[in-house]
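The values are calculated or read from the model by the stated rules, or taken from the named source; none is laboratory data. Just so it is clear, the structure is predicted and the values come from calculations on it, not from any experiment. Here Cβ is always computed from backbone atoms with ideal geometry, including for glycine, and neighbour counts include all displayed protein chains. Quick note on the areas: whole protein, heavy atoms, side chains included, nothing else; ligands and nucleic acids left out. Shrake-Rupley method; radii C 1.70, N 1.55, O 1.52, S 1.80 Å.
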Amino acid sequence: MTERSCIVCGCRGEKESLLRWVAAGGVLVPDWTQKLDGRSVYTHFSRKCLCGIYSAKKALSSFEKCDTFGVPEDKILDFVRTQAEKSADYYIALCRKSAVLLKGQNLIAEEARKGTVLAVLVLASDASEKTVREIEKKTGLKGIKTVFSKDELGRKFDGRGVSVLALKPSKQSEKLMFYMNLLNNFTSGEF
């Protein structure tokens with residue numbers, strides 16, 4: 001993994017876990033996909049670092065003829081949340097298509113019994129404690145609660161409510177969990 005330093009706090013992190021900012025046409029814009037051409041700087045996905053770039057003297061001065069931001073400071077958190085929701089939806093669809101994502105307590109328990117390796121249990125925010133205990137016991141994994149209710153999680157998957165999803169180990173499942181954790185941080189107020 002390639003590491004980069006956050007322009008605000010100076011701490012290093014994996015490039016994929018930071019938000020890339022690129023100077024494009026005299027404007028510093030967040031490059032969510034990390035695919036835009038040009039020089040760039042990075043920030044962590046924390047409120048402190050996302051908002052701190054607007055006052056970091058070296059942010060705009062790092063670029064020739066760059067004097068403004070493409071997303072105003074008062075909109076950056078909304079921008080990040082919206083992009084994280086879109087990315088989570090994208091990776092849910094990708095994980096589903098590539099059979100990395102399993103839906104429902106019975107299917108997950110059956111796959112665990114067969115010896116299928118599972119990396120993560122994703123729990124709806126309103127999953128019952130009984131369901132959580134049973135599936136954690138059967139899989140040997142600790143579930144991660146999401147911000148999504150059973151109905152919301154089900155709509156993202158196939159339209160039918162679901163209390164629990166399981167992810168097999170894969171790059172796609174890692175990316176999905178990154179975006180779900182980012183959304184969880186927004187909702188829990190840790191952001």
Report summary line: Non-local residues with an amide H under 5 Å from the amide H of LYS145, with H modelled 1.01 Å from N and Pro and chain starts lacking one, are LEU123
**Report entry** the chain: calculated mean residue ellipticity at 222 nm from DSSP helix runs of at least 4, using -39500 (n - 2.57)
**Finding:** -13000 deg cm²/dmol
Query - Gyration tensor (Cα) of the range 48-118, equivalent ellipsoid semi-axes in angstrom - result: 43, 12, 11
Report task. Run the numbers on the chain and let me know its relative contact order in percent, using alpha-carbon pairs under 8 Å that are six or more apart. Result -> 19
Query raised in the report: For the cross-link pairs LYS48/LYS145; LYS15/LYS156; LYS48/LYS150; LYS35/LYS86; LYS97/LYS171, which exceed 22 Å when the distance is taken from alpha carbon to alpha carbon?
Result: LYS48/LYS145; LYS15/LYS156; LYS48/LYS150
Query raised in the report: Got a sec to turn the phi values of the range 107-118 into Karplus ³J(HN,Hα) couplings, 6.51 cos²θ - 1.76 cosθ + 1.60 with θ = phi - 60°, whole Hz, x for Gly and Pro?
Result: 5, 5, 4, 5, 5, 5, 4, 6, x, 4, 6, 10
Query raised in the report: What list of ³J(HN,Hα) values in whole Hz, one per residue of the range 124-133 in order, does the Karplus curve 6.51 cos²θ - 1.76 cosθ + 1.60 (θ = phi - 60°) give from phi, with Gly and Pro shown as x?
Result: 5, 4, 10, 5, 5, 4, 4, 4, 4, 4
Query - Burial ranking of peptide ranges 118-127, 12-21 (average Cβ count within 10 Å, highest at the top) - result: 118-127, 12-21
Report summary line: Amide H contacts under 5 Å for ALA119, restricted to residues at least 5 apart in sequence or on another chain and with H modeled in the peptide plane, are LEU167, LYS168
Query raised in the report: Given R₀ = 35 Å, FRET efficiency for GLU129-LYS171 by Cβ-Cβ distance, to 0.05?
Result: 0.65
Query - Beta bridge orientation in the range 39-191: antiparallel %, DSSP, nearest 5 - result: 70
Report summary line: Ranking CYS51, GLY104, THR2 by how far each Cα lies towards the positive end of the charge dipole of the chain (+1 on Lys and Arg Cβ, -1 on Asp and Glu Cβ), the top one is GLY104
Report task. Treating only the Cβ atoms of Lys and Arg (+1) and Asp and Glu (-1) as charged, compute the dipole magnitude of the range 41-191 about its Cα centre; round to the nearest 20 debye. Result -> 460
Query raised in the report: What net charge is computed for the residues neighbouring VAL41, neighbours being all others with C-beta under 9 Å from the C-beta of VAL41, Lys and Arg scored +1, Asp and Glu -1?
Result: +4
Query raised in the report: Tell me, what HN-Hα J-couplings in whole Hz come from the Karplus equation 6.51 cos²θ - 1.76 cosθ + 1.60 at θ = phi - 60° for each residue of the range 75-91, using x for Gly and Pro?
Result: 10, 5, 5, 4, 4, 5, 4, 4, 5, 5, 5, 4, 5, 4, 4, 4, 6
**Report entry** Size of charge dipole - the range 25-114 - debye, nearest 20, with Cβ of Lys, Arg +1 and Asp, Glu -1, no other charges
**Finding:** 300
Query raised in the report: Could you give the nm distance between label points at CYS11 and VAL117, where each point is 7 Å from its Cα heading toward the beta carbon?
Result: 3.0
Query raised in the report: By average Cβ neighbour count within 10 Å, what is the ranking of 46-54, 25-33 from highest down?
Result: 46-54, 25-33
Query raised in the report: Distance from the Cα centre of the range 22-37 to that of the range 59-79, in angstrom?
Result: 10
Requested in this report: With springs only between Cα atoms under 10 Å apart, run a GNM on the chain and tell me which of THR43, THR146, THR68 wobbles the most.
Outcome: THR68
Report task. Please list, in chain and number order, the residues 5+ apart from VAL164 or on another chain whose amide H is under 5 Å from its amide H, with Hs placed from the backbone. Result -> GLY104, GLN105, ALA124
Query raised in the report: Solvent-accessible area per residue for the chain at a 1.4 Å probe radius, Å²?
Result: 54
